[in-house]
Amino acid sequence: VRLLTGIGRYNEMTYIFDLLHQNHCFEMLLRKKVDTERGQSSSLKTALLDYIKRCLPADSEKHNMVALCFSMRREIGENHEIAARTQLKMIESQDWVVTPDLKSSLVKVLGLLKDSAESFSK
């Protein structure tokens, strides 16, 4: 982790994060103890979130994993809210006929909004 946070070059960090992601070792970074006194935790958090936004924008699981690791509840809440809004747009585009699929979709939206509210409240 110290190596990663000490690297100042943008491309090198992207390369390292790509390798970790491709080899299913991305979570390894989040398990390591980070020296918060020297600001390394903040640097790592910023680098990871930037990488996910640029290179893995559709991977909400990784974004939530990083956000949980760094206790970023607002970001988790925003992710759940975005997912709920996306699901609602899909429901809107369909005919409003009460079916088991519609009920299931609405329950999913309700769950996402509930999770979002819980994250925001924390």
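The values are calculated or read from the model by the stated rules, or taken from the named source; none is laboratory data. The model shown is predicted, which means the values in this text are computed figures rather than measured ones. We place every Cβ from the backbone using ideal geometry, glycine too, and count neighbours over all the protein chains shown. Accessible surface areas use protein heavy atoms only, side chains included; no ligands, DNA or RNA. Shrake-Rupley method; radii C 1.70, N 1.55, O 1.52, S 1.80 Å.
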Original post:
How do the pairs read when you match residues in region 103-116 that are among the hydrophobic types (A, V, I, L, M, F, W, C) with residues anywhere that are assigned to a helix (DSSP H, G or I) and open to solvent by 30 Å² or more (accessible area, probe 1.4 Å), using Cβ under 6 Å and keeping only pairs 6 or more apart or on different chains?
Top reply: Val109/Leu88; Leu112/His80; Leu112/Ala83
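Filter region 31-59 down to the residues that are aliphatic (A, V, I, L, M) and surrounded by fewer than 18 Cβ atoms within 10 Å (Cβ to Cβ), then identify the one that is modelled with the highest pLDDT.
Narrowing region 31-59 to residues aliphatic (A, V, I, L, M): 34, 44, 47-49, 52, 56, 58.
Within this subset, residues satisfying the condition of being surrounded by fewer than 18 Cβ atoms within 10 Å (Cβ to Cβ) are 49, 56, 58.
Numbers: Leu49: 81, Leu56: 85, Ala58: 81.
Checked region 31-59; the qualifying residue modelled with the highest pLDDT is Leu56.
Residue under question is Ile76, and the condition is that it be crowded, with 17+ Cβ neighbours inside 10 Å and aliphatic (A, V, I, L, M); does it hold?
Values: crowded, with 17+ Cβ neighbours inside 10 Å: yes; aliphatic (A, V, I, L, M): yes.
Answer is yes for this residue.
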Original post:
Which condition number does Ser116 fail, the rest of (1) closer than 27 Å to Glu27 by Cβ; (2) among the polar types (S, T, N, Q); (3) open to solvent by 40 Å² or more (accessible area, probe 1.4 Å); (4) in a helix (DSSP H, G or I) being met?
Top reply: (3)
**OP:** Hey, can you tell me all the residues within region 12-30 that are open to solvent by 70 Å² or more (accessible area, probe 1.4 Å) and at pLDDT 80 or above?
**Re:** Tyr15, Gln22, Asn23, His24
Original post:
What number of residues in region 42-63 are touching a helix residue (DSSP H, G or I) at 6+ places or on another chain (Cβ under 6 Å), closer than 15 Å to His21 by Cβ and of a type outside the set (A, V, I, L, M, F, W, C)?
Top reply: 4
Subject >> Matching option when the condition is open to solvent by 60 Å² or more (accessible area, probe 1.4 Å) and either touching a strand residue (DSSP E or B) at 6+ places or on another chain (Cβ under 9 Å) or outside any loop (DSSP other than H, G, I, E, B) (or both), among Lys108, Lys62 >> reply: Lys108
Original post:
Somewhere in region 79-91, is a residue free of Cβ contacts under 8 Å to residues at least 40 places away in the same chain, polar (S, T, N, Q) and not in a helix (DSSP H, G or I)?
Top reply: no
